[in-house]
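Computed from the coordinates by the stated procedures, all read-outs in this text should not be read as laboratory data. These numbers were taken from a predicted model, which means no experiment stands behind them. Cβ coordinates were reconstructed from backbone atoms using ideal geometry, including for glycine residues, and neighbour counts include every protein chain displayed.
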Amino acid sequence: MASTSSTESSTDAPGTSNSIPESNQLVITMADKTKVPEEEYARGGFLRVNPGQFINHHQLVKYLGRGTFGTVWLTKHTESGTYAAMKISKSNITCPDAAGREIQFLENIDSRGGHPNIVKLMEKLVTHDIGIGHVAMVFEVLGPNLESVIFDSGRTFPVEVVKRVSRQLLEAISFVHNRDIIHMNIKSSNVMLAISENNIKNLVSNPDSSSNRYDIDLTKADARIVVKLADFGHALYSYENMPDRHLETNCLFRAPEQFLTTNYDTALDMWSFGCMLYEMVAGSLLFPCKQYFLDHDRVHFMLMANRFGPITLADFEDGLRPEFLENFNDDGQMNVEDMGEPLPNFFEMAQQEGWSAEDANDFSTFMHLLFKYNRGERITADEALRHNFIRSNGVRQAEEAPAVPPLALDYPEAEEVFDRVVPLPDDEE
């Protein structure tokens, strides 16, 4: 989320075009997320702030949204006039811990040169006041997340755009995996679209928080689009033990070994990537567990077995959680409910989206490599980048450069401490 100056030009950036008809622009409507529910401000919850207030040298301009663990605000630097996105954690004990881990990993990534498809941390602001316990992180201003584009825009992705986005994300995943980092929480809501300076200006001036318009044309196969992997609050090093208070990841993107075993490695990110890729193509969830009135784990394994075949004990014996042993029969296969008719396969699904037989076949073979039960057999990010489904979209193109120039400010090396939020001039003391 690097800030951009109002004097800098981004006319050659992704999401920048003076020729995109209004009817083709990307519009995200999210009426239910325009404000924070009052109960979220309870002890351990969100920091209560309002537009116009200051956190150190950042003035809060506009509420952008919230996640499970914090709110995001558009801010303006009081000295430079540049805009940024500030993520403010909840104050319960797990959220500052997660924010601290995210800072650690993003600083590690930055120290190794960073990556154009990974968000860049610009500044960190923390408080050691036990009564507050919030952590604020300052990022570049980015556009909507991929989940919003899939489910809240009414748009579908041309196959060429699916490949382009996939390639960028695999480049980012490869970068972190080759540095012994497991993201642990890859999902569509943690993938952000880069936007142009003009889009940021529109974001500032738009009084309607429920709907935002972007100069990104997803109706075109050659749409200029840059995505960035975000939210490293769940991340782990591949050589470290799971922390006691480690946050649980979203079940919709969770690899089978995360359910069944205590072992994990970078392969789980590839399973999660596959779930997200399915969403991009189908416009729906790969594992829609809530549609079935059964115990959640039973539903998830039922859907998994229906798509990928029997779940065998041999693939999960190493580190198997004892409570799951009774789920397997004498033949070493997991007992799952019969769904009756099989779900559409990946080839059929791609053809239903209008893809050619060649693209649909490449997609199908690629997906099955992402969804190997045995994590040792699952395709790696480096291998995925060489797969024909990804390579068939041509050579790497210039749109993978950062969408906006980084903010040229010298931020302090150490953490800044904010012990209060400065009130508006007419606020009561």
Checklist entry - So what's the convex hull volume per residue for the Cα atoms of the stretch 22-400, in Å³? => result 158 Å³
Checklist entry - Using the beta-carbon distance between residue 377 and residue 57 and R0 = 60 Å, what value does 1/(1 + (r/R0)^6) give for FRET efficiency, to the nearest 0.05? => result 0.70
Checklist entry - What spacing in nm lies between the two simple spin-label points modelled at residue 22 and residue 330, each 7 Å away from Cα in the Cβ direction? => result 7.2 nm
Item to check | Residue-wise HN-Hα coupling along the stretch 159-174, computed from phi with Karplus coefficients 6.51, -1.76, 1.60 (Hz; x: Gly, Pro) | outcome: 4, 5, 6, 4, 5, 5, 5, 4, 4, 4, 5, 5, 4, 5, 5, 4
Item to check | Förster-model FRET efficiency, 51 Å R0, residue 35 and residue 339, C-beta, rounded to 0.05 | outcome: 0.80
Checklist entry - Of all chymotrypsin sites (Phe, Trp or Tyr not before Pro) in the stretch 58-109, which ones are in loop regions per DSSP and have a Cβ with at most 11 other Cβ atoms within 10 Å? => result none
Checklist entry - Tell me, in nm to one decimal, what length is gained between residue 213 and residue 323 on full extension, where the rule is 0.36 nm per residue of separation less the Cα-Cα distance? => result 34.7 nm
Checklist entry - Using the beta-carbon distance between residue 42 and residue 78 and R0 = 30 Å, what value does 1/(1 + (r/R0)^6) give for FRET efficiency, to the nearest 0.05? => result 0.45
